[in-house]
Amino acid sequence: MTRPLEGITVLTLEHAIAAPFCTRQLADLGARVIKVERPGTGDFARAYDQRVNGLASHFVWTNRSKESLTLDVKHPQGRDVLKRLVGEADVLVQNLAPGAAARLGLSYEALSAEHKGLIVCDISGYGDDAAQPGPYRDKKAYDLLIQSESGFLSVTGTPDEMAKAGCSIADIAAGMYAYSNILAALLQRGTTGKGCRIDVSMLESMVEWMSFPLYYAFDGAAPPPRAGAAHATIYPYGPFPAGDGKMVMLGLQNEREWQVFCAKVLEQPALATDARFASNTLRTASREALREIIIQAFVPFNAAQIIERLDAAQIANAQANTMQDVWAHPQLRARERWTEVGTGAGAIPALWPPGMPREWDPRMDAVPTLGQHTDSILAEVGYDAAAIASLRAEGAV
């Protein structure tokens, strides 16, 4: 079957993670994504590391199935190329510095009169709305800084020290809201014929994800305490060492599970009615005492034996996997969730996009090399070989 977004062209002036993650998912659904990159260097995420056959781990994750066009958008001839590309696009995505797209003539206000069906998605740290700029509009915003500004760091880590998320969670949040709102805008355009502007703020995206701790601290109440890898407000819920030193993650959600856990896993049924642990609130308050009891009960068993007990008792559990464990995860392997995509340095494994229906395959094309599609894209919008050579000589592409 035809992929849902086949026939949709996305023009993107993007770098780092938030916008590239959004547009890669649009490409997964069949959209054509034209990625505009700076001549010579490209998206600076290309140089973050060299962990994937010499390529950057962030870049190969977020940029498959795209076409790379090198273009100096500040060059007069580059502006002309950009104008032609906008005329062919259904969606324009950008996460340049606040105000930069507007200075290039790429704001929705500047484009919508001529391109009534164009959807413009602006991704920024704090919101890039001229009507409601806010005092933070022009601040630089990187993932870790937004984790901090949104309060995420304040509830993440150990009691003694804050910790950042191990992945780019603020970028991912913004990318997901950009992606879902673009899909909604395309649906609306199918009814009205009109495009719109989407203003995605990394801060607002992360604050939405922070709603549980925000409401927990409602009206001046104390926030959830930092609890390391354990749950801050439900207990026991977190990592516990087995007798062989390996960690086992387990989680209880209700009183029925607590009673089963005591009887079948710990083999201490009387513990279920111990006054110190008679409710989740009490167990959370007495977590240190309860943790010691659980650790001592686990001493005679290795991690595999404890997981076997937990499974038999239908208590939720997990292994504390490393990255190498995840590459070899038996569930992903059994469900055939890995495929391969091409890169300029050879084929690499890639996870099939989650949740796709069986009726069509997601697009899983190669990660582009810098400027790989420049000539073919320019030819499509009316430049012949001589004109392309002139653009190169002028440094416009």
Open item on the list: Quick check on my link table: of LYS74/LYS194; LYS66/LYS164; LYS83/LYS116; LYS139/LYS164, which ones sit more than 23 Å apart, alpha carbon to alpha carbon?
Closed with: LYS74/LYS194; LYS66/LYS164
Task: ³J(HN,Hα), Karplus 6.51/-1.76/1.60, whole Hz, each residue of the stretch 141-153, x for Gly, Pro - done: 9, 10, 3, 4, 5, 6, 4, 6, 5, 7, x, 4, 5
Open item on the list: Let me understand the stretch 237-320 better: what is its radius of gyration from the alpha carbons, and its Dmax, in angstrom?
Closed with: 11.7, 31
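Just need the relative contact order of the stretch 237-320 here, percent rounded to a whole number, with Cα pairs under 8 Å and 6+ apart. Please report the intermediate quantities before stating the final value.
Numbers: 113 pairs, mean separation 37.7, N = 84.
Computed over the stretch 237-320, the figure is 45 percent.
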Task: Extension reserve of the SER57-LEU183 stretch, reckoned as 0.36 nm per residue once the Cα distance is removed - done: 42.7 nm
Open item on the list: Just to confirm my numbers, what's the Cα centroid distance between the stretch 120-159 and the stretch 70-99 in Å?
Closed with: 25
Open item on the list: Among 46-52, 23-29, how do they line up by average Cβ neighbours within 10 Å per residue, starting with the highest?
Closed with: 23-29, 46-52
- [ ] Mind ranking 318-324, 167-173 by how tightly packed they are, going by the mean number of other C-beta atoms within 10 angstrom, highest first?
- [x] 167-173, 318-324
Task: Karplus-derived 3J(HN,Hα), 6.51/-1.76/1.60, for each residue of the stretch 287-300, Hz, glycine and proline x - done: 4, 5, 5, 5, 4, 5, 4, 5, 4, 5, 5, 8, 3, x
Task: Cβ-Cβ FRET estimate between GLN324 and ALA285, R0 fixed at 35 Å, reported to 0.05 - done: 0.40
Open item on the list: Relative contact order for the stretch 1-155: what percent, with Cα pairs under 8 Å and sequence separation of 6 or more?
Closed with: 21
Open item on the list: Once the cut-off is 17 Å, how many percent of the Cα-Cα pairs in the stretch 38-118 end up in the long-distance tail?
Closed with: 57
Open item on the list: Tell me the angle of helix 385-394 to the major Cα principal axis of the chain, expressed in degrees between 0 and 90 and rounded to the nearest ten.
Closed with: 70
Task: the stretch 200-214 - phi-based ³J(HN,Hα) in whole Hz, Karplus 6.51/-1.76/1.60, Gly and Pro as x - done: 9, 9, 4, 4, 5, 5, 6, 5, 4, 5, 8, 4, 4, x, 4
Task: Eligible aspartates and glutamates near LYS264 by straight Cα distance, threshold 15 Å, same-chain separation 8 or greater - done: GLU255, GLU308, ASP311
Open item on the list: Per-residue counts of other Cβ atoms within 10 Å, averaged by peptide: what ranking do you get for 280-286, 59-65, highest first?
Closed with: 59-65, 280-286
Open item on the list: For Cα pairs less than 8 Å apart in space and 6+ apart in sequence, what is the mean separation divided by the residue count of the chain, i.e. the relative contact order in percent?
Closed with: 19
Open item on the list: Quick check on the chain: of the DSSP beta bridges with both residues there, what percent are antiparallel, nearest 5%?
Closed with: 40
TODO: Note down the magnitude of the dipole of the chain about its Cα centre, charges +1 on Lys and Arg C-beta and -1 on Asp and Glu C-beta and zero elsewhere, to the nearest 20 debye.
DONE: 120
- [ ] Once you've got the GNM for the chain with C-alpha springs shorter than 10 Å, pick whichever of ALA18, ALA31, ALA304 has the biggest mean-square fluctuation.
- [x] ALA304
Open item on the list: For LYS140, give me every one of the aspartates and glutamates with a C-alpha distance below 13 angstrom, ignoring sequence neighbours fewer than eight places off in its own chain.
Closed with: ASP128, GLU149
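Computed from the coordinates by the stated procedures, all read-outs in this text should not be read as laboratory data. From a predicted model like this one, the values you see are computed outputs, not experimental measurements. Heads up, the Cβs are rebuilt from the backbone with ideal geometry, glycines too, and the neighbour counts pull from every protein chain shown.
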